[in-house]
Amino acid sequence: MVRKKRVSILIVGMILTIVLMLTIGQGFAANKKIRWKGQTCFGIASPLGQHTIVLWKKYVEQMSGGRMQLTLHDAGEIVPPTKIYDAVRDGLLDFGLNTPAWQKGKYPAGDLFYTLPGGILQFNDLILWLYGGGGLQLEQEMYGKELVVFPLGLTPPEEIWSKRPIHTLADIKGLKIRAAGLSMELWEKLGASVVLLPGGEVLPALQRGMIDATEILDPSYDYTLGLHEVCKYRFGPPIHMSNNIFQLVIKTKSWKVLPDDLKAIVEKAAMAATLQGYADFWQSSIAFNKKIEAYGTITTKLPKAEQQKARKLAMEILNEKANKDPYFKKVWESQKAFIKSYKPYYDLTKFD
């Protein structure tokens, strides 16, 4: 009887020890810090860094209570900005800020998640399609298991700078313009000669006469770069692209080991940083636009009929590309269907 009692006490003790060890182990796992290494494709100190991935890093660390610690390397510190996708896919980095425009050789449809010419999908349309109309799911489907992707970072609309006045689309014929992405084909259809240049080479190219027009970014970046000093004219609306939206790319293996709550934090922090960063970016655009006007830059706007011509040309370009690439067609069909369902009520509610 005494022996049975001792055995029972021993069994109970063993069970309590196991429970205690499991509890301690779970607590240790919950408190274990997850450390990720990543890189931005834009300078950390620049508006493109501050209003995007820098803000996301801050939110993730705050929202996780310090459970996630992110080391963010500056543009070019580990790999060239154009190689961030490869570095994350291959496991060199856990995360990175990227633009899908740099993968268009492998994924032509990437341009559709970045921006569209002709004002086809402007800020409101693009955000609604990405977050609610299946856009994000299509973007992840495009990359498959190579990496995990979320939208991160949105810029205010751009304008086009020129050394000569532009009042109609016909005035664009003969321009030597710096451009990138889908807009390159639009400019070519309008009779311009397109030159692809990195941002740091744009001002010298304008000064030396290699180009006589350019698009870059918002007023804060354009003014800081000094475009107002070499281009007397600026015109809109941005027929080449409405907004730039970038992407957070994450190593698949790093993502899979995250607990569900941290996965939610990483994803929702990207959404919060995108919207807050956009609002902050706009404050700079407003302030620097006043400086551009005060400097004496002549700003014009294409008439409505000319804007509609640009949109028609953009639609032709997108349909042509859809006929050449099945996945481009799949994404473009999704966007067209969204526009068709979205526009009737939107047009009813907006002021003309």
Does GLN207 satisfy the condition of being within 20 Å of LEU182 (Cα to Cα) and either outside any loop (DSSP other than H, G, I, E, B) or at pLDDT 95 or above (or both)? no
Condition check for ALA192: crowded, with 19+ Cβ neighbours inside 10 Å, within 22 Å of PRO47 (Cα to Cα) and touching a strand residue (DSSP E or B) at 6+ places or on another chain (Cβ under 8 Å): no
Inside the range 125-146, can you point out the residues that are among the small types (Gly, Ala, Ser) and part of a helix (DSSP H, G or I)? GLY132, GLY135
Give the residue, chosen from PRO165, PRO157, that is of a type outside the set (Ser, Thr, Tyr), surrounded by fewer than 18 Cβ atoms within 10 Å (Cβ to Cβ), touching a residue at least 40 places away in the same chain (Cβ under 8 Å) and assigned to a loop (DSSP other than H, G, I, E, B). PRO165
Scanning for something assigned to a strand (DSSP E or B) and surrounded by 13 or more Cβ atoms within 10 Å (Cβ to Cβ), does the range 327-335 turn up at least one residue? no
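Name the strands (runs of 3 or more DSSP E) wholly inside the range 24-124 in which the number of residues that are over 18 Å from the mean Cα position of the chain (by Cα) and without any contact (Cβ under 8 Å) to a residue 60 or more places away in the chain is 2 or more.
On the way: elements: 34-39, 68-73, 95-98.
Counting at least 2 such residues, we get 34-39, 68-73.
Taking the range 312-326, which residues are within 17 Å of PRO237 (Cβ to Cβ), out of contact with any Leu (no Cβ under 8 Å at 6 or more places or on another chain) and surrounded by 14 or more Cβ atoms within 10 Å (Cβ to Cβ)?
So the first thing to find is which residues in the range 312-326 are within 17 Å of PRO237 (Cβ to Cβ), and the list is 312-315.
When the remaining residues are screened for being out of contact with any Leu (no Cβ under 8 Å at 6 or more places or on another chain), the result is 312, 315.
Listed by number, the list holds a single entry, MET315.
Can you tell me which residue within the range 190-212, out of those that are touching a residue at least 24 places away in the same chain (Cβ under 8 Å) and more than 17 Å from THR115 (Cβ to Cβ), is nearest to the chain's Cα centre (by Cα)?
Only one residue tops the list, namely VAL202.
The values are calculated or read from the model by the stated rules, or taken from the named source; none is laboratory data. All of these numbers come straight from a predicted model, not from anything done at the bench. Because the Cβ atoms are built from the backbone with ideal geometry, glycine has one as well, and the counts that use them run over all protein chains shown.
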